[in-house]
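K.L.:
After the structure tokens below, expect a handful of questions from me.
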Amino acid sequence: MLNTTIRAPVPASPWRTRPAEKARRLGRVAPFVDGKALRADRLVEALEALVSPGDRVALEGDNQKQADFLSRSLARVDPAAVHDVHLLISSISRPEHLALFEHGIARKVDFAFAGPQSLRLAQLLEDGKLEIGAIHTYVELYARMFVDLTPNVALVCADKADAHGNLYTGPNTEDTPTIVEATAFRHGVVVAQVNEIVDELPRVDVPGSWIDLVVVADRPYAVEPLFTRDPRHINELQILMGMMVIRGIYERHGVTSLNHGIGFDTAAIELLLPTYGESLGLRGRICRNWALNPHPTLIPAIERGWVESVHCFGSEVGMEDYVRARPDVFFTGKDGSLRSNRVLCQLAGQYGVDLFIGSTLQMDADANSSTVTLGRLAGFGGAPNMGHDPRGRRHASAPWLDLITAEGDVVRGRKIVVQLAETYQKGGQPVFVESLDAVQVGKASGMPVAPVMIYGDDVTHVVTEEGIAYLYRADGPTERRAALAAVAGATPVGLGADARRTEGLRRRGIVAFAEDLGVRRLDARRSLLAARSIDDLVAWSGGLYRPPARFRSW
């Protein structure tokens, strides 16, 4: 028998609202588009059509690579049409990033780092011009893009595109595939600025099916040589601290896989490996595998055979030819260019290496540290990802096992987390303080917790010009504070040190001064550096390193 029941018309699927909304937005910009190519002269109008009030907009702007044509154009939209945007950006680095808030185009921001704009960011927050969702680590922010901060629109950049929208990112792949994937597969709109559109790409870094629109920028995207440190500015205290690190941490624990933070102090260590490290017979025994941008100051160690591999967060301006010529060391494609990946390198630095070493602006008596200070919201970048003990780790290594202090059938190893700090900053500000500025900033800004960069209970070693505090060996919080005070110099924390107790800690190996490690302070001279200028680094590279103009002395 035939079923003659009359059914009501089926309404539009309630499960396809996001694809329908994406199609509607792309339809509005169709007059400005040829295939996937968006006319550059209509970009501002296109952004007004693509971005709706209250949207979450992921803008590619990390601490090096910037989708600056898109960010400059977004800052020119009509605030009556586009307003109250929720900006997702790993690094607030350019003036127009904050102009978005001054103009009312954006209202809320979730970010990871704001070094160049940290003072202005703090002022806008105080003036009520913006709201901060959270100050994240890089991996944390990207992870949330796949959970509760999925972008409605992503604005990214690449080196080249073809007619199908495939992208070639070259050495600066960095965040691009991650941001695009989080947006494209939840039916957001992806716009990529490129330097040029070509017939054939050297390789495909992001498939065209993930990209909706491509626009040729008015100039090549901005990229910052963030990891370049001129050896001329490395001082003798940093050299002394580097010698203590090599002798008292790298050699002692047999560290072979590691990450270095940005700074002249870690640059000093890299330049001491082929000299001081060589004199200790440590080549082949330490510092073989790195999660690190292609630091120019690592060139001498690479050339001397210290380095087996380097996986990179991003590239570094001027290092392209050198990286291309060293495929045994760097991760490169068939075209010879570096394949960097910020997320995967952050994960390598979190789980794959045995040691993280970095610096801070302030540290309290419990070794909590932060780069958020009064009037400056610098953020954290990737330091908290790598500067903690990942309790999910299950593979063993000699350095990881070396930090076991408990006994029993079930014990765990520990990642080495080192904080380097001269006791006083330039300008006479103490690094070691009784209370972090971050506590006051957090309260004033209404943050639920203080913006701490690295928590003290994750820190295993603190190194200053005074010596090394082996905090992981201390018996309880009181002894940890005493060990830290012993190396904190004439700071508010260091003045609380008791000389007799410090001697006891030295006898037990919980505190070590330079002489305890066999390091002669008089040997800490600039002549010990493998390179003492940018010119020297170029010579070490055989002319392959081409430093940016501002670093050249010729």
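K.L.:
Please verify whether K129 is more than 20 Å from the chain's Cα centre (by Cα), assigned to a loop (DSSP other than H, G, I, E, B) and not hydroxyl-bearing (S, T, Y), treating the condition exactly as stated. If you could, list the steps in order and put the result at the bottom.
P.N.:
Numbers: more than 20 Å from the chain's Cα centre (by Cα): yes; assigned to a loop (DSSP other than H, G, I, E, B): yes; not hydroxyl-bearing (S, T, Y): yes.
Judged against the criteria, K129 is a match.
K.L.:
Specify the residue that is nearest to G261 (Cα to Cα); the eligible residues are those in the range 209-233 that are of a type in the set (G, A, S) and touching a residue at least 60 places away in the same chain (Cβ under 8 Å). Don't jump to the end; show me each part of the working.
P.N.:
Restricting attention to the range 209-233, the residues satisfying the condition of being of a type in the set (G, A, S) are 209, 217, 222.
After this cut, where a residue has to be touching a residue at least 60 places away in the same chain (Cβ under 8 Å) as well, the list is 217, 222.
Working: A217: 32, A222: 22 Å.
Among them, the one singled out is A222.
K.L.:
Do the conditions hold for R481, that is, is it farther than 18 Å from I404 by Cα, of a type in the set (D, E, K, R) and free of Cβ contacts under 8 Å to residues at least 40 places away in the same chain?
P.N.:
Details: farther than 18 Å from I404 by Cα: yes; of a type in the set (D, E, K, R): yes; free of Cβ contacts under 8 Å to residues at least 40 places away in the same chain: no.
Judged against the criteria, R481 is not a match.
K.L.:
Got a sec? Which of C312, C287 is crowded, with 24+ Cβ neighbours inside 10 Å, touching a residue at least 24 places away in the same chain (Cβ under 8 Å) and at positive phi? Write out each step before concluding.
P.N.:
Working: C312 fails: at positive phi.
Exactly one residue qualifies, and that residue is C287.
K.L.:
Counting only residues that are of a type in the set (G, A, S) and not in a loop (DSSP other than H, G, I, E, B), which one in the range 430-445 is farthest from the chain's Cα centre (by Cα)? Write out each step before concluding.
P.N.:
Narrowing the range 430-445 to residues of a type in the set (G, A, S): 435, 438, 442, 444-445.
Still in the running and not in a loop (DSSP other than H, G, I, E, B): 438, 442, 444.
Details: A438: 20, G442: 22, A444: 26 Å.
Only one residue tops the list, namely A444.
K.L.:
With the condition kept exactly as written, say whether any residue in the range 235-255 is within 30 Å of D205 (Cβ to Cβ) and in contact with a Phe, Trp or Tyr (Cβ under 8 Å, 6 or more places away or on another chain).
P.N.:
Start the filter on the range 235-255 by keeping residues that are within 30 Å of D205 (Cβ to Cβ), which leaves none.
There is no residue in the range 235-255 that is within 30 Å of D205 (Cβ to Cβ) and in contact with a Phe, Trp or Tyr (Cβ under 8 Å, 6 or more places away or on another chain).
K.L.:
V439 - would you say it is free of Cβ contacts under 8 Å to residues at least 24 places away in the same chain, under 21 Å from A485 (Cβ atoms) and surrounded by 17 or more Cβ atoms within 10 Å (Cβ to Cβ)?
P.N.:
Working: free of Cβ contacts under 8 Å to residues at least 24 places away in the same chain: yes; under 21 Å from A485 (Cβ atoms): yes; surrounded by 17 or more Cβ atoms within 10 Å (Cβ to Cβ): yes.
Judged against the criteria, V439 is a match.
K.L.:
Under 7 Å between Cβ atoms, which residue pairs at least 6 apart in sequence (or on different chains) link something in the range 335-347 that is more than 14 Å from N385 (Cβ to Cβ) and open to solvent by 10 Å² or more (accessible area, probe 1.4 Å) with a partner that is among the basic types (K, R) and modelled with pLDDT of 95 or more?
P.N.:
Sorted first by the residue in the range 335-347, then by its partner, the pairs are D335/R203; G336/R324.
K.L.:
Run down D78, D55 and say which single residue is under 27 Å from E21 (Cα atoms), of a type outside the set (F, W, Y) and without any contact (Cβ under 8 Å) to a residue 60 or more places away in the chain.
P.N.:
D78
K.L.:
So, F356, is that one open to solvent by less than 20 Å² (accessible area, probe 1.4 Å), in a loop (DSSP other than H, G, I, E, B) and hydrophobic (A, V, I, L, M, F, W, C) or not?
P.N.:
On the way: open to solvent by less than 20 Å² (accessible area, probe 1.4 Å): yes; in a loop (DSSP other than H, G, I, E, B): no; hydrophobic (A, V, I, L, M, F, W, C): yes.
The answer is no for F356.
K.L.:
Residue under question is D328, and the condition is that it be modelled with pLDDT of 95 or more, under 19 Å from H253 (Cβ atoms) and among the acidic types (D, E); does it hold? Talk me through it step by step, then tell me what you get.
P.N.:
Working: modelled with pLDDT of 95 or more: yes; under 19 Å from H253 (Cβ atoms): no; among the acidic types (D, E): yes.
For D328, the condition - modelled with pLDDT of 95 or more, under 19 Å from H253 (Cβ atoms) and among the acidic types (D, E) - is not met.
The values are calculated or read from the model by the stated rules, or taken from the named source; none is laboratory data. Note that the structure is predicted; figures quoted are calculated from it, not measured. No Cβ is skipped: glycine too gets one built from the backbone with ideal geometry, and neighbour counts run over all protein chains shown. Just the protein is used for accessible areas: all its heavy atoms, side chains included, with ligands, DNA and RNA removed. Shrake-Rupley method; radii C 1.70, N 1.55, O 1.52, S 1.80 Å.
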